[in-house]
Amino acid sequence: QVQLVESGGGLVQAGGSLRLSCTASGSIRSIDAMRWYRQAPGKQRELVATIIMNGNTNYADSVKGRFTISRDNGKNTVWLQMNNLKPEDTAVYYCNMDVIRPTTRATYSYWGQGTQVSVSS
């Protein structure tokens, strides 16, 4: 099995910064895409940022220029550096990874447990 463990959420004032991390462990050959999603109360889960194995990234328009996604393939870890945070960034943030299993080489999608980010005005 594969587990994703997140950390780094918290409460911060508007304009502040937080860094989220997510590490995968278990039966892993490699990891293709790594993503961060968020879900605010009463809203649908939305894709925030994606980074694929070669390092190419993509961001939601609402976070471009403020958030940076990065990864360490050797550590099976993805980070989300969040700067200039706004109250509308308040949400539970989830990491998601496309894990390639060693035996079957099939790709499975796994989710972290979620971490709360709260931004006060």
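The values are calculated or read from the model by the stated rules, or taken from the named source; none is laboratory data. Small disclaimer: the values here were computed from a predicted structure and weren't measured. Neighbour counts are summed over all protein chains in view; Cβ atoms, including those assigned to glycine, are modelled from backbone coordinates with ideal geometry. In case anyone asks, the SASA skips ligands and DNA or RNA and just uses the protein heavy atoms, side chains included. Shrake-Rupley method; radii C 1.70, N 1.55, O 1.52, S 1.80 Å.
Using the Cα gyration tensor of the stretch 37-107, with a ≥ b ≥ c the square roots of its eigenvalues, what is the shape: rounded (a/c below 1.5), prolate (a/b larger than b/c) or oblate (neither)? Let's see the in-between values first.
On the way: a/c = 2.60, a/b = 1.68, b/c = 1.55.
It is prolate, given that a/c is not under 1.5 and a/b is the larger ratio.
The string of couplings for the stretch 94-100 from the Karplus curve (6.51, -1.76, 1.60, θ = phi - 60°) is 10, 8, 9, 9, 9, 9, 9 Hz, one whole number per residue in order, with x for Gly and Pro. For the stretch 51-88, applying the loop criterion from DSSP together with a ceiling of 11 other beta carbons within 10 Å to the trypsin sites (Lys or Arg not before Pro) yields K64.
Could you put W111, W79 in order of accessible surface area, largest first, with the 1.4 Å probe and the full protein assembly present?
Working: W111 110, W79 55 Å².
From most accessible down to least: W111, W79.
Under a 1.4 Å probe, what is the accessible area of the chain per residue, stated in Å²?
Numbers: 6280 Å² over 121 residues.
Computed with neighbouring chains in place, this is 52 Å² per residue.
If I compute solvent accessible area with a 1.4 Å probe over the protein chains, what percent of it on the chain is carbon and sulfur?
Reported share for carbon and sulfur atoms: 46 percent.
Which of S7, I31, P41 sits closest to the plus end of the dipole of the chain, meaning its Cα is farthest towards the positive end, when Lys and Arg get +1 and Asp and Glu get -1 on the C-beta? Going by the charge dipole, the pick is I31.
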